[in-house]
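The values are calculated or read from the model by the stated rules, or taken from the named source; none is laboratory data. Everything numeric in this text was worked out from a predicted model, so none of it was measured. Please note: Cβ atoms are built from the backbone with ideal geometry, for glycine as well, and neighbour counts cover all protein chains shown. For the accessible areas, the whole protein counts, side chains as well, though only heavy atoms, and no ligand, DNA or RNA atoms are used. Shrake-Rupley method; radii C 1.70, N 1.55, O 1.52, S 1.80 Å.
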Amino acid sequence: MLNLKGVARNGEDFVDGRRISFQPRRAGSIIYMPGGKDWTGWDEGDANAAYLLVSIEQGFADEVFGGMVVGRRPTDLPPSIGFRDSVAEMALQRIAIELKQPDPISATMVESLATQLLAQMVRLSGVYREQAKGGLSSFDLKRVIGMIEASPDGRPTLAALAKEVGVSRFHFWRAFKQSTGMTPHAFIAQRRSCPLAWCS
């Protein structure tokens, strides 16, 4: 589900009766809920809001990912509420456009976009990804440094940084240290002590 308009600022979320941490949901945030999961709760925020709900049949998902990894299916992915991802958001926005302005090939376009959406969700989860041997890629390192610089207090959590590149906290810590020569905490402390330039 894509939040098209409005902000949910406060609330509670429960998945299968278990409370999970609430994330404020702004326009562009995404909720992924696998089939068979029960999502309940409440939120409060803007008086007007709009959402796009996309439901993908299990048979379609199995056909797209059939046999990729024995015993694992896209519906095995964990629920995620209120995350941001430009690839998934773009696929959902384009599905909305196809639904608003259908033409003879809209069904084919929507199936293609649904495949892209599923593939990105699988990629983000890391289910089918082999862990990198070594440090972070230059692309991932730039993303992480950008996230550190954009953080209001300059101290994003290790979990948030690891989630940004789709690896475990332990793997992220090792890969970051290998890439920069410093632990994430030491790097953040150094950036805070000289915010205008690299310290050497």
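Observations on the model:
- Pairs where the first residue, in region 28-39, is under 14 Å from Gly82 (Cα atoms) and the second is of a type in the set (Lys, Arg), C-beta under 9 Å, 6+ apart: Gly28/Arg84; Ser29/Arg84; Ile30/Arg84; Ile31/Arg25
- Residue in region 104-118 that is of a type outside the set (A, V, I, L, M, F, W, C) and not in a helix (DSSP H, G or I) present: yes
- Among the residues making up region 27-44, those that are surrounded by fewer than 16 Cβ atoms within 10 Å (Cβ to Cβ) and more than 21 Å from Val110 (Cβ to Cβ) are Ala27, Gly36, Lys37, Asp38, Trp39, Thr40, Gly41, Trp42, Glu44.
- Every residue from region 136-151 that is surrounded by 14 or more Cβ atoms within 10 Å (Cβ to Cβ) and under 17 Å from Gly181 (Cα atoms): Leu136, Asp140, Leu141, Val144, Ile145, Ile148
- Qualifying positions in region 2-19 - open to solvent by 50 Å² or more (accessible area, probe 1.4 Å) and not aromatic (Phe, Trp, Tyr): Leu4, Lys5, Arg9, Asn10, Asp16, Gly17, Arg18, Arg19
- Among (1) in a helix (DSSP H, G or I); (2) at pLDDT below 85 - the single one Leu196 does not satisfy: (1)
- Filter result for the condition that a residue is under 18 Å from the mean Cα position of the chain (by Cα), at pLDDT 85 or above and hydrophobic (A, V, I, L, M, F, W, C), over Ala160, Ala175: Ala160
- Filter result (among the small types (Gly, Ala, Ser) and at pLDDT 55 or above) within region 117-134: Ala119, Ser125, Gly126, Gly134
- Residue tally, condition outside any helix (DSSP H, G or I) and more than 23 Å from Ser86 (Cβ to Cβ), over region 159-193: 3
- Among the residues listed as Arg25, Arg19, the single one being more than 12 Å from Ser80 (Cβ to Cβ) and without any contact (Cβ under 8 Å) to a residue 60 or more places away in the chain: Arg19
- Applying the criterion of being under 24 Å from Arg169 (Cα atoms) and in contact (Cβ under 8 Å) with a residue 12 or more places away in the chain to the residues of region 83-117, the residue that is most open to solvent (accessible area, probe 1.4 Å) is Arg84.
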